[in-house]
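The values are calculated or read from the model by the stated rules, or taken from the named source; none is laboratory data. The structure presented is a predicted model; accordingly, all values stated were derived computationally and were not measured. Here the Cβ is made from the backbone with ideal geometry for all residues, glycine too, and neighbour counts use every protein chain on show. Calculation scope for accessible area: heavy atoms of the full protein, side chains included, ligands and nucleic acids excluded. Shrake-Rupley method; radii C 1.70, N 1.55, O 1.52, S 1.80 Å.
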Amino acid sequence: MINTPLAEQVRIVLAGDRNSGKSSLMNNLFGKEISIVTDRPGTTTDPVTKSFELGPLGPVAFSDTAGLDDDEPDGAIGAHRRRRTEELLREAHLVLLVTPGDRPLSLSEKALLEAIRGSGRPVVAALTFADRPTDASKVEALRDLPHAAVDNLSGRGVTELRKLLIRMAEGIDPEMTPVEGLVQEGDLVLLVIPIDLAAPKGRLILPQVETIRDLLDRDCGVLMVKERELYEFYRALPRRPKLVICDSQVFSKVAADVDADQPLTSFSILFGRKKGDLAAYVRGVRALGQVPPGARILVLESCSHHRQADDIGTVKIPRLFKQLVQQDAHFSFARELPPDEELKEFFMVINCAGCMASRLKIMHRLHTMQRLGVHTLNYGFFLAWANGLLPRALEPFPYEHAVFLRGA
């Protein structure tokens, strides 16, 4: 991995009505053509997301979106575009409202501002068409928001807007790191990484890479072995690791090869904490004893990886579920959250680790499931349970460990 994943970057979403200057502003921020610009309303149909090194923030993901007032040429298409915009806005760490400075706020702009303020997320306004007289009501309506006037034709005001975005985004910390709060400087951590048919050729997967980098940043020692060599290397260590982290699929072997009191968890559980809510997954484990015959189970992924013959989400987990939980369960598979009417028909959703999704996206999924009364798990929790390693795999997390014991 040589680039910071989009899921790990601060995400700034440009939102506004059609022909408000969003695409032109996106191009000016990047200093090159990123979005197509024409005089025709609704030129941007699908969101455009690109990364840009924004001063001290490092790489920042900017997303250009369709107009908030998009209802042409077909009502259904316009509604779909608006839904895609709304999805991106839910994942935004900071919203950049792009609004023409020469006219009052529109109804759609007012609705957007009300929704953003309700979420507590920061918003910055870019008043475009700064070459024209400014509408007094617009300035008054935005007086409590950080804003900058921008002329997209000349580029005037773009530098000031960049500085404003940096200042507003400097306090944003998108997510915790994989081993945050689990290790200290000088600790030794042992990573058990299988290299099998499911492993990508010539590289490690994202959770493994992020965990290694996090440990190095914390001045920890890192030892990486495959599961076949674990026993020999573990016994030869001059001191015991502070933590052993393994792939979910080799939980059983790793648990058998290390000391019974060795702190042990998985990459998937680390990312379940980083991206989502471990306590929600603990409650989902308890629901495994309540699955009725014929229950519908959804396996929900977050990326479009190539599925192998023995894929963990579509093959291994359904097979184990039917063996250990409910043989009459019916499985479905998706990479995006279904509409509420469809989602509420499922008894349980088993989520991937979410390494390619942002925490905001995963938390939106979890909140939606909670609202609809749908139980939820993630891969790591299910596999830890299936291999008899709960509550052991939760011991590094005292609160969730206690939640599990209270409900066990």
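What to note about this one:
- Eligible lysines near K110 by straight Cα distance, threshold 16 Å, same-chain separation 8 or greater: K138
- Candidates P178, P241, P339, ranked by Gaussian network fluctuation over the chain, Cα under 10 Å, top entry: P339
- The largest accessible area among E400, E53, E395 belongs to the first residue in E53, E395, E400, and the rest follow in falling order (1.4 Å probe, all chains).
- Loop-located chymotrypsin sites (Phe, Trp or Tyr not before Pro) in the stretch 318-375 whose Cβ has at most 16 other Cβ within 10 Å (DSSP): none
- Gap separating the Cα centres of the stretch 138-171 and the stretch 233-309, nearest whole Å: 45 Å
- J(HN,Hα) series, the stretch 347-363, from Karplus relation 6.51 cos²θ - 1.76 cosθ + 1.60, nearest Hz, glycine and proline x: 6, 8, 10, 9, 8, 5, 5, x, 5, 9, 10, 7, 4, 4, 5, 5, 5
- Taking the square roots of 5 times each eigenvalue of the Cα gyration tensor of the chain, largest first, gives ellipsoid semi-axes of 44, 25, 18 Å.
- At an R0 of 22 angstrom, the distance between the Cβ atoms of V139 and L107 translates into a FRET efficiency of 0.75.
- Accessible surface, per residue, of the stretch 264-408 when the full set of protein chains is kept, probe 1.4 Å, Å²: 42 Å²
- The stretch 183-267, accessible surface, carbon-and-sulfur percent (1.4 angstrom probe): 53 percent
- Nearest 10 degrees, 0 to 90: helix 278-287 Cα axis against the chain principal axis: 60 degrees
- Surface calculation, 1.4 Å probe, protein heavy atoms: H330 sits at approximately 110 Å² accessible.
- Helix-only CD estimate at 222 nm, as mean residue ellipticity for the chain, using -39500 (n - 2.57) per DSSP H run (n ≥ 4): -10500 deg cm²/dmol
- Positive-end ranking of H147, A136, G120 along the dipole of the stretch 57-159, with charges on Cβ about the Cα centre, is headed by G120.
- Pairs exceeding a 26 Å alpha-carbon distance, out of K274/K316; K22/K275; K242/K275; K316/K344; K50/K275; K50/K274: K22/K275.
- Rounded is the label for the stretch 266-408, because a/c, from the alpha-carbon gyration tensor with a ≥ b ≥ c as root eigenvalues, stays below 1.5.
- Three semi-axes describe the equivalent ellipsoid of the stretch 208-336; taken as square roots of 5 times the Cα gyration tensor eigenvalues and ordered largest first, they are 31, 17, 15 Å.
- Just the protein heavy atoms count here, and of the accessible area of the stretch 275-408 at 1.4 Å, carbon and sulfur take up 51 percent.
- Separation of the R240 and D261 label points, Cα + 7 Å toward Cβ, nm: 0.6 nm
- Label zone at R296 (point 7 Å along Cα-to-Cβ), backbone N below 11 Å, the stretch 338-356: 338-348
- Between helix 398-407 and the chain there is an angle of about 70 degrees, using the helix long axis and the longest principal axis of the Cα atoms.
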